[in-house]
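Please read the structure below before turning to the comments.
Since every read-out is calculated from the coordinates, none of them should be taken as a lab result. Owing to the predicted nature of the structure, the values given are computational and were not obtained by experimental measurement. Cβ placement follows ideal geometry from the backbone for every residue including glycine, while neighbour counts extend to all protein chains displayed.
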């Protein structure tokens, strides 16, 4: 399916403020970008680079006053998400080098805290994909999803103790639990068609059966309609914007994801 994603952010800047922004999807195995529009008002120099995870990032300095970022992308994504019950655990000695870092504890995913709990939850289950399924089912049954909950950044330990969270928190807990039993796991941030209420979304992927598979602990079933903006160890790596200096929150934020008829797609890109 073709999806059109929109993200509009507006700020009131008091002093010149450096930003790193991550709002450009990239073409890959799961999606193909057909069009992008990226507008910054007022227009300022933008320098783009790929971070250590391959995400497209833009550096800029926002001047004082009203400042806005407007993006539109048209992306071809799959109508379904690959699933592989029974896909085997990959022994650490056989993992690709670039996957090894996703085994380690990170800022919001202190995996070393969850070993005993996760081992108990997955006892008697085939190692690999099926263990992740058990983890996701346990989170859905145990942690309350609060899509309009606090936007405070908390660790997986906090989420487990308080018993509720937003999509980012669900992903952090699942990632920490997977890593605690030596399954590589990473967070994904982007858009999800049909999400209610509409917002930017976070889910996670695990490496089993010699490839990455997607899971979403906030949804009753995994389905197509995801648009990826970035991958990382946890939310610290995949913020759609970071500003340096005075902490800022958008004055307004508008997110939309709509399914479009491919015959009515725009035929140009403004970058």
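What FRET efficiency comes out for the pair residue 126/residue 162, r = Cβ-Cβ distance, R0 = 22 Å, nearest 0.05?
Numbers: r = 31 Å, r/R0 = 1.42.
According to the calculation, E is roughly 0.10.
Quick one: work out the % antiparallel among DSSP beta bridges in the chain, nearest 5.
On the way: 64 of 67 bridges.
Antiparallel bridges make up about 95 percent of those DSSP assigns within the chain.
Could you line up 158, 234 from fewest to most neighbouring Cβ atoms inside 10 Å? Don't skip to the end; give the middle numbers.
Working: 158 15, 234 25.
Starting with the residue having the fewest Cβ neighbours, the order is 158, 234.
Which whole-number percent is the relative contact order of the chain (Cα, under 8 Å, 6+ apart)? If you can, show how the numbers build up before the last one.
Details: 602 pairs, mean separation 79.9, N = 271.
Over the chain, the number comes to 29 percent.
Angle between the Cα long axis of helix 129-142 and the longest principal axis of the chain, 0 to 90 degrees, nearest 10?
For helix 129-142, the angle is close to 70 degrees.
Sort 113, 172, 201, 39 so the one with the fewest other Cβ atoms within 10 Å of its own Cβ comes first. Intermediate values should be presented prior to the final figure.
Numbers: 113 17, 172 31, 201 26, 39 13.
Lowest to highest Cβ neighbour count: 39, 113, 201, 172.
Considering the values (i) 1.02; (ii) 0.95; (iii) 0.97, which represents Rg/Rh (Cα atoms, Kirkwood Rh) as calculated for the structure under consideration?
(iii)
Please say if segment 38-114 is rounded, prolate or oblate, where rounded means a/c under 1.5 for a ≥ b ≥ c the square roots of the C-alpha gyration tensor eigenvalues, and otherwise the choice is prolate for a/b larger than b/c and oblate otherwise?
Numbers: a/c = 2.86, a/b = 1.86, b/c = 1.53.
Judged from the Cα gyration tensor, segment 38-114 comes out prolate (a/c at least 1.5, a/b above b/c).
Take every Cα pair under 8 Å in segment 78-186 that's 6+ residues apart, average their separations, divide by the length, and report that relative contact order as a whole percent.
Values: 141 pairs, mean separation 40.5, N = 109.
Relative contact order of segment 78-186: 37 percent.
If a/c stays under 1.5 just call it rounded; otherwise compare a/b with b/c (prolate if a/b is bigger, oblate if not). Do that for segment 21-73, with a ≥ b ≥ c from the square roots of the Cα gyration tensor eigenvalues. Write out the running numbers ahead of the final one.
Values: a/c = 3.35, a/b = 1.68, b/c = 1.99.
The shape class here is oblate.
For residue 79 and residue 66, calculate 0.36 nm times their separation in residues minus their Cα-Cα distance, and state this gained length in nm to one decimal. Intermediate values should be presented prior to the final figure.
On the way: separation 13, 0.36 × 13 = 4.68 nm, distance 3.90 nm.
Result: 0.8 nm gained on full extension.
Which ordering of 254, 129 is given by a fewest-first count of other beta-carbon atoms within 10 Å?
Lowest to highest Cβ neighbour count: 254, 129.
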